[in-house]
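J.: Got a structure for you, written out below as structure tokens; questions coming shortly.
The values are calculated or read from the model by the stated rules, or taken from the named source; none is laboratory data. Every value quoted in this text rests on a predicted model; they were computed, and no experiment measured them. Virtual Cβ from ideal backbone geometry, glycine too; neighbours counted across all protein chains shown. When the accessible area is computed, the model is the full protein with side chains, heavy atoms only, and any ligands, DNA or RNA have been set aside. Shrake-Rupley method; radii C 1.70, N 1.55, O 1.52, S 1.80 Å.
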Amino acid sequence: MRSMRGFHQLVILALGVQVLLFWLSRSRDATLTAFSPARYPLLTKYFIGHQGEGGVWYLPPEWIQGQSSRVPSTIVEVAEIVRNQTNKPQIPHSTIPLVMHQTWKTTNPFFWSEELRRNTEKWLEAVEDAGMAYFLWDDRGVSQFIKYFEPGLEYGLNALPRKVEQSDVFRILVAKWVGGVYSDMDTEPLRNPVDWIKESDREAWDDPATGVVYDSTAPIQAIVGLEAVCRPDTDQYWRMGYKYPVQLTQWSFAWTPDHPILQRFLDTLAATLQDVLSNYGGTLESPSARMELANLDPLTLTGPAAFTAAVRRWLEGTTGLRWNALAAHADRSKLVGDVLILPITGFSPGRGRYGNMGSKPITDPSARLVHHAQGSWRKTSLLVEYGKFCRTFFGLCRDWPKVPHNILW
Ligand SMILES: *[C@@H]1O[C@H](CO)[C@@H](O)[C@H](O)[C@H]1NC(C)=O
């Protein structure tokens with residue numbers, strides 16, 4: 001009985017802390033600092049006064065030569081121009097075009113936090129240095145993109161109850177149709193994408209458990225990063241909230257357009273939506289259909305677990321990869337087929353001691369970018385925090401929701 005009381009006290013303490021953090025975050029969000037053009041010359045150059053619909057874009061001048069003289073007025077038109085363009089410059093050692101995508105609800109840096117301005121300025125420096133094309137998609141641009149390029153999914157995507165699910169799917173869609181690097185706005189580049197792959201990243205590696213050697217010579221068509229590398233035989237991964245012991249990040253990746261893995265992800269999602277549709281007589285608008293959609297776990301529907309599953313199934317099927325072999329040789333990149341899997345430090349350096357999983361400091365040469373996880377706790381809910389707390393400290397609540405269930409929470 002006593003431990004039960006202790007448990008409740010801890011839970012109440014955790015909830016109290018959460019309320020405090022939430023309250024602090026609100027007061028922090030409210031402070032908007034004035035935009036300084038001197039501090040952010042590239043944001044000023046490309047964003048302030050940008051004309052056009054659906055977001056902000058930049059194409060290196062040599063990309064536009066020989067194009068029709070009509071100046072595109074929407075981001076979707078520009079995306080199509082870039083998709084159609086042959087001989088785009090590529091990330092060396094790969095067929096991934098030098099194109100960068102981000103998305104945010106607004107493209108006016110006046111209304112951004114300093115952190116967002118800093119990150120984006122850094123990406124723009126990388127874009128200029130490398131001669132990349134750049135797209136920042138706003139909400140309108142995202143919906144126009146879906147309508148234009150993937151109309152078959154539009155109805156289903158609009159019915160998804162959470163904004164994060166749209167954003168999850170959009171990054172896959174833009175990778176499929178345009179390709180290049182996608183990175184969340186709370187990431188900061190540490191190595192220019194043009195320098196993300198070195199010859200040594202292609203070296204053969206072996207699975208110590210089976211002796212199988214992976215020595216692909218295929219051109220690299222995708223770069224993905226590890227978010228979690230846990231021992232599969234312990235409960236560590238699910239206590240930290242991961243679906244798989246070896247899980248990929250979705251906050252950043254890079255693709256050659258039309259990669260079959262992207263289609264695999266979309267097909268799985270479409271099939272799930274189709275199931276719900278047929279359960280409810282072909283409509284997703286009834287309250288019960290909405291309820292069923294809201295009850296699907298976004299992590300496994302569109303989030304990192306869904307993404308990991310798509311990559312995993314593809315690589316297992318086409319190369320015979322033993323997925324958990326990716327936990328071996330923790331410090332190096334692993335090429336499997338045409339997919340380069342970076343070590344955890346690649347896209348997730350600088351992790352703290354809890355849940356470090358081999359992540360090295362952001363100064364490590366293998367670190368490509370850092371994820372600041374901006375706002376992840378600001379938008380969380382008490383219900384979700386309760387589950388996180390319970391998993392972390394007690395090893396219970398494995399199936400407790402990891403993301404807010406609906407807007408009420
Ligand atoms: C892109 O290519 C498609 C198919 O060849 C063509 O229909 C379309 O007009 C092209 N779009 C642009 C903007 O060049």
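J.: Taking SER200 as the residue in question, decide whether it is open to solvent by 50 Å² or more (accessible area, probe 1.4 Å) and in a helix (DSSP H, G or I).
T.: yes
J.: Give me the residue from the stretch 82-115 that is within 14 Å of the ligand (Cβ to nearest atom) and part of a helix (DSSP H, G or I) and, out of that set, most open to solvent (accessible area, probe 1.4 Å).
T.: ASN84
J.: Out of everything in the stretch 56-76 that is hydroxyl-bearing (Ser, Thr, Tyr) and part of a loop (DSSP other than H, G, I, E, B), what residue ends up being nearest to the ligand (Cβ to nearest atom)?
T.: Filtering the stretch 56-76 for residues that are hydroxyl-bearing (Ser, Thr, Tyr) and part of a loop (DSSP other than H, G, I, E, B), the one nearest to the ligand (Cβ to nearest atom) comes out as SER68.
J.: Just name the residue that is farthest from the ligand (Cβ to nearest atom) out of those in the stretch 37-47 that are open to solvent by less than 70 Å² (accessible area, probe 1.4 Å) and part of a loop (DSSP other than H, G, I, E, B).
T.: Filtering the stretch 37-47 for residues that are open to solvent by less than 70 Å² (accessible area, probe 1.4 Å) and part of a loop (DSSP other than H, G, I, E, B), the one farthest from the ligand (Cβ to nearest atom) comes out as TYR40.
J.: When ALA79 is evaluated against the numbered criteria (1) in contact (Cβ under 8 Å) with a residue 60 or more places away in the chain; (2) under 30 Å from ILE341 (Cβ atoms); (3) open to solvent by 10 Å² or more (accessible area, probe 1.4 Å); (4) within 15 Å of the ligand (Cβ to nearest atom), which criterion, by number, is the only one it fails?
T.: Of everything listed in (1) in contact (Cβ under 8 Å) with a residue 60 or more places away in the chain; (2) under 30 Å from ILE341 (Cβ atoms); (3) open to solvent by 10 Å² or more (accessible area, probe 1.4 Å); (4) within 15 Å of the ligand (Cβ to nearest atom), ALA79 misses just condition (3).
J.: Confirm whether THR319 is touching a strand residue (DSSP E or B) at 6+ places or on another chain (Cβ under 6 Å), open to solvent by 40 Å² or more (accessible area, probe 1.4 Å) and of a type in the set (S, T, N, Q).
T.: So THR319 passes the test.
J.: How many residues does the stretch 154-168 contain that are basic (Lys, Arg) and in contact (Cβ under 8 Å) with a residue 40 or more places away in the chain?
T.: 1
J.: Looking for something touching a residue at least 60 places away in the same chain (Cβ under 8 Å), outside any helix (DSSP H, G or I) and of a type in the set (Gly, Ala, Ser) - is there at least one such residue anywhere in the stretch 169-176?
T.: Of all residues in the stretch 169-176, those touching a residue at least 60 places away in the same chain (Cβ under 8 Å) come to 169-176.
Those still in the list that are outside any helix (DSSP H, G or I) too: none.
Checked the stretch 169-176: no residue is touching a residue at least 60 places away in the same chain (Cβ under 8 Å), outside any helix (DSSP H, G or I) and of a type in the set (Gly, Ala, Ser).
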